[in-house]
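Laboratory data are not the source of any read-out in this text; all were calculated from the coordinates shown. Given the structure is predicted, the values throughout are model-derived calculations rather than measurements. Neighbour counts are summed over all protein chains in view; Cβ atoms, including those assigned to glycine, are modelled from backbone coordinates with ideal geometry.
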Amino acid sequence: MAHDTNKRDEAKDRPMLDLSALAIRTDLAREAHDLALKGREEGEIPGVRMEEYEEDGIKTSWIWVENEEGARALGKQQGTYLTLEVPGLRSKDSELQHRVAVHFSREFSRFLEESGIAEDDKILVVGLGNWNVTADALGPFVVKHTLITRHLFQLMPEQVEEGYRSVSAISPGVMGTTGIETSEIVRGLVEKTKPDAVIAVDSLASRALTRVNTTIQVADSGINPGSGVGNKRKALNRDTLGVPVIAIGVPTVVDAATITYDTIELVMSHLHREMNQKKPANPLDPLNRPDLKELQNQKVDEAAKNRFLGLIGGLSDEEKRQLIHEVLSPLGQNLIVTPKEVDDFISDIGKLVADGINCALHESVTIDNVSAHTT
């Protein structure tokens, strides 16, 4: 007993390893909220309010980070975050895409209203990202399909019908191709054209494979261009531009550490399922194959985790993520990865986001006639 007590005392005296620098980051407030809830018995985060509902395969979440305490808990700026999660988008169901566009337009209109953006306010849409890299081309693609009207208000205002507002747009590229900070370009435009608000569209990074190309996030706290792949660029927000900045993002990439972690979790869930079946499973039997949702919802007890993967299996979720990140990063193997169907995904979700923006900004534009207004 004395020997065991000494071991415990030594463990207490041993300095704790700080793995905060290795934590796998996420651009999504919804994921940050889920992480912050872990280990909280009360099920609430001080300084954070959340409202969520699901209908027609679309899960909608509203998160309000109301003070500094909530911002620290989530690792996000104070503000409002709207998230739409639609796993079915990967099936390329055109009817679902239509429903999502209608829903996004409605929710985005509400977001603009809550952000204090008036119906006749002038808007500058900024498509962030590198148009030469498909996974990073969401912003330029959305700008390409945005209804631009500022020149009409400038040159022939008498011919502009009711139900439209002044909208301008730009795809400023990335510093690697322009040699100029994106924030400097946008700030110059804001000073010259004087919009009442900026809408910035960019590709994001997720810490879950299931959210890649299936999730849309809207935030009023601004955005850091290139943050999804770890680049440190100056922020676009109210403080730097002097006007409200609404950020719209879609996760298009994950890192190798996330893929490794998800694979380990699915393997353990699969093994646990196989071991608990009453009769030996036939891997060739299509009726016996689990679907992704079943494996994700599979609860694996601690004893089974230790039996499957020994010491690694006994680590907490965050410890496993940090360990994988710690191993891969120094070796240069923590790659940024996107699905092979990324061309189709960017085209589909980019058009969906653009249609939603057009309908929300212009009262006379609806999902039924939006194609007649854009190329």
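Each peptide in 347-354, 108-115 gets a packing score, the mean of other Cβ atoms within 10 Å over its residues, and the list from highest to lowest is 347-354, 108-115. Around the amide H of residue 253, modelled in the peptide plane, lie the amide H atoms of 204, 206, all under 5 Å away and 5 or more residues distant in sequence or on another chain. Exceedance of the 29 Å cut-off in Cα-Cα distance is limited, within the set 194/351; 38/92; 122/234, to 38/92.
Candidate cross-link partners of residue 76 among the aspartates and glutamates, defined by an alpha-carbon separation under 18 Å and a same-chain spacing of 8 or more, comprise 27, 31, 34, 44, 51, 66, 68, 202, 220, 239. Taking other Cβ atoms within 10 Å as a rough exposure proxy, 107, 69 sort from fewest to most as 69, 107.
Projecting the Cα atoms of 251, 209, 198 onto the charge dipole of the range 184-268, computed from C-beta unit charges around the Cα centre, puts 198 farthest toward the positive end. 3J(HN,Hα) couplings calculated from phi for the range 154-164 with the Karplus curve 6.51 cos²θ - 1.76 cosθ + 1.60 (θ = phi - 60°) are, in sequence order, 7, 9, 9, x, 5, 9, 7, 6, 5, x, 10 Hz; Gly and Pro show x.
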